[in-house]
Ligand SMILES: Cc1ncc(COP(=O)(O)O)c(C=O)c1O
């Protein structure tokens, strides 16, 4: 009989048992695991947003909405983009999706033919890698390094562009590295996009979460970019709304009807209650975003100071809520370190290989615990580090 596994389509990569699944298996047998794995803030959605969701449910928001999203939400998104220095989009050129995550796959399905090249800084947010694989596109990973704080530059993009290059993904601030590309470098990268006729997918989901005066430059407002940029974002991160599943993408008039059709086919529409909550988030008081940003900033400082004490190098986190640390500094590969930290220290972090890192040196730590939790992580981590270093000096 044909093995069932061989019935999978050729485009589905036969990865080994996925690292995350393996780590979840280890964690499931352990008590009191502190999780700094997923990019899901521990913070609660601000109260006025939750209330708006509850009220919407009470008044009948239990149906499909307009496939592209509630018109009032799309207007609010358009205004919000402009308020933060982005381009003015007409509401009919915005599609509300079940999280920004789904938008990545819609865009990939809509733009990439087999063999087209999609460029992505590496390490980079892994679903973009998966989206390229599922469309049979060729993923071109542009390798970053700690020496340049994992910052993508125009020269690097230029070096990797070929006549088959079609899409450049810019994630700014970046996941997993927390890097913010300086605005003048974003402008230079966009000049390459214009010269080489690339479409830029500008993932700006962490744009409201930057530190130490760094600022993430919106892409679609830059010269020549309006008609070649798809802006992708959502409310998950800045408003602690991951579970509501509301994101969006906005793009050029010529592309949006076809992309909106793909979204319709995949989801019909985004959850009505989520959209009402997102509307309250974007149109209500904005001090909650600053509060969330400050909370992450404080955690970031505590974690970085602790890593300094442990002698572990890391990329300077300038945005998002991650610290990308070179845990191999303790003397073993990052994947092994993450498994030992979980098994012996009951702390879950993810190795950089998940994000396409070509080295096995780094791990991502999410700032998804209060400061006390971060201090406890550092305490547990230090015990595991000491035990690894002792073993290595004995052998
Ligand atoms: C860079 C980036 N873009 C988009 C998303 C998708 O978020 P959501 O689907 O919750 O909007 C994430 C989630 O972690 C992310 O890290």
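Quick grid of which residues meet (1) away from the ligand (no atom under 14 Å from the Cβ); (2) out of contact with any helix residue (DSSP H, G or I) (no Cβ under 7 Å at 6 or more places or on another chain):
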position: 103; (1), (2): no, yes
position: 124; (1), (2): no, no
position: 131; (1), (2): no, no
position: 148; (1), (2): yes, yes
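Residue 95: buried (at least 23 other Cβ atoms within 10 Å of the Cβ) and within 11 Å of the ligand (Cβ to nearest atom), yes or no?
Spelling it out, it is not the case that residue 95 is buried (at least 23 other Cβ atoms within 10 Å of the Cβ) and within 11 Å of the ligand (Cβ to nearest atom).
When the range 246-261 is examined, which residues are found to be assigned to a loop (DSSP other than H, G, I, E, B) and surrounded by 23 or more Cβ atoms within 10 Å (Cβ to Cβ)?
Hits for the range 246-261 are 246, 251.
Applying the selection to the range 179-209, what residues are within 14 Å of residue 151 (Cβ to Cβ) and either crowded, with 20+ Cβ neighbours inside 10 Å or outside the structural domain of residue 104 (by TED's automatic domain parsing) (or both)?
Answer for the range 179-209, where residues must be within 14 Å of residue 151 (Cβ to Cβ) and either crowded, with 20+ Cβ neighbours inside 10 Å or outside the structural domain of residue 104 (by TED's automatic domain parsing) (or both): 179, 180, 181, 186, 189.
Hey, can you tell me all the residues within the range 143-155 that are surrounded by fewer than 19 Cβ atoms within 10 Å (Cβ to Cβ) and touching a strand residue (DSSP E or B) at 6+ places or on another chain (Cβ under 6 Å)?
143
Look at the range 148-161 and say how many of its residues are under 18 Å from residue 322 (Cα atoms) and either not in a loop (DSSP other than H, G, I, E, B) or not assigned by TED's automatic domain parsing to the domain that holds residue 189 (or both).
1
Evaluate the range 304-319: report whether one residue or more is away from the ligand (no atom under 16 Å from the Cβ), under 21 Å from the mean Cα position of the chain (by Cα) and not in a loop (DSSP other than H, G, I, E, B).
Yes: one or more hits.
Within the range 62-80, can you find the residues that are touching a strand residue (DSSP E or B) at 6+ places or on another chain (Cβ under 7 Å) and outside any loop (DSSP other than H, G, I, E, B)?
Residues satisfying the conditions are 73, 74, 77, 78.
The values are calculated or read from the model by the stated rules, or taken from the named source; none is laboratory data. It should be emphasised that the depicted structure is a prediction, and the values quoted were computed from it without experimental measurement. Positions of Cβ are backbone-derived with ideal geometry, glycine not excepted, and every protein chain shown enters the neighbour counts.
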